[in-house]
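A short write-up of the structure that comes next.
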Amino acid sequence: MTQLFGRVSKAALLGAAVAAAAGLAGCETVGSAAGPRQYAVVEADTTGAAKSNIASLTEVIQRNPSDAAAYTTRGAAYARAGQFSEAIADFTKAIQLDPNSASAYNNRALASRQLGRDAPALQDFSKAIALDPNYGPAYIGRANVERAQGNLDAALGDLNVAIRLNPESAEAYHARGLVKQKQGLDTQAIADFDAAIDRNPFVSAPYAARGQSLIATNQYPKAIEDYNAALNVNNKDATSWAYRGLAYEKSGQRKEALENYQRAAGIDPNNAVAKSGLSRVQGGMGSLFN
């Protein structure tokens, strides 16, 4: 996953060691009609560490009001705490202090996306790339916006650059797989999801995304395995429960399909895949294969 911020001052790091390991990621979970689009974020802070870091970083900023890196680091702490407006304000201050910081523009773009502000995010990603054409995370972030807007060719071009700059980026391969999936190129998408999982097998999103393409190519047992892996990482993901239900249903395992659809609906009653699946399974197989 892409780190939210880049270089930070030694003083800022002293007050934000935990926050520095966190932050937003530029990748997205798999997009579908099953639920609202979500942008990948590190786990919500339940320890109070983010608030403690914010307080410490505020003291750092009070002592060093011209330290752009301190604002960047506090912005990351705000983002981890889910305070995206405050994060944007800090990244904006960091840019004012250091207008040549590609990472600050990238960070602000990521926070803007969390608030659904795609237009300013796109501008900030492009500014980051203009400042540093070798800054891979900005290409990934911009590609995700382009994909969301349906500009798939531009997204693919940006992700090809990101992979050339960092061939070991799991996030870039995952994002490119999502583009190819949206283009209907499921076999190519599976290859990219394979590459993402090879590079980082410990996040759920690439398994869930690959599962959708496996279903699309009639590889139902493999899809079920992928959703097993995804749910092992995050068993609160309604979309993975729903699509595992779909894979079971298409495999003729109606009881298992029903159980998975019910789990999905229990987490998200508006999940479209679960709702339609429950309608079919509870009322007969209907038009699943039509």
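Converting phi to 3J(HN,Hα) with the Karplus coefficients 6.51, -1.76 and 1.60 and the offset θ = phi - 60°, the stretch 58-63 yields 4, 5, 4, 5, 4, 7 Hz in sequence order, with x at every glycine or proline. Label sites at L152 and Q183, each approximated as a point 7 angstrom past Cα along Cα to Cβ, lie 0.8 nm apart. Note on the stretch 47-174: Cα-only Rg and Dmax are 15.2, 47 Å.
Quick one: S56, S279, S103, fewest Cβ neighbours within 10 Å first, how do they rank?
Working: S56 20, S279 12, S103 24.
The order, fewest Cβ neighbours first, is S279, S56, S103.
Using only Cα atoms, what is the ratio of the radius of gyration of the stretch 218-290 to 2.2 N^0.38 Å?
On the way: Rg = 11.1 Å, N = 73, 2.2 N^0.38 = 11.2 Å.
Taking N as the residue count of the stretch 218-290, the ratio is 0.99.
Extension gain for N218 to D194 (0.36 nm times residue separation, less C-alpha to C-alpha distance): 6.9 nm.
How would you classify the stretch 96-153 from its alpha-carbon gyration tensor, with a ≥ b ≥ c the square roots of the eigenvalues: rounded for a/c under 1.5, else prolate if a/b is greater than b/c, otherwise oblate? Kindly include the intermediate steps, with their values, before the conclusion.
Numbers: a/c = 2.47, a/b = 1.41, b/c = 1.76.
Since a/c reaches 1.5 but b/c is at least a/b, the shape of the stretch 96-153 is classed as oblate.
Working from Cα pairs under 8 Å separated by at least six residues, relative contact order for the stretch 218-290 is 28 percent.
Here I54, I163 are placed in order of increasing Cβ neighbour count within 10 Å, fewest first, which gives I163, I54.
Exposure proxy for L165, L159: other Cβ atoms within 10 Å of each Cβ, ordered fewest to most, give L165, L159.
Only the coordinates and a few stated rules stand behind these numbers; no lab work does. Everything numeric in this text was worked out from a predicted model, so none of it was measured. We place every Cβ from the backbone using ideal geometry, glycine too, and count neighbours over all the protein chains shown.
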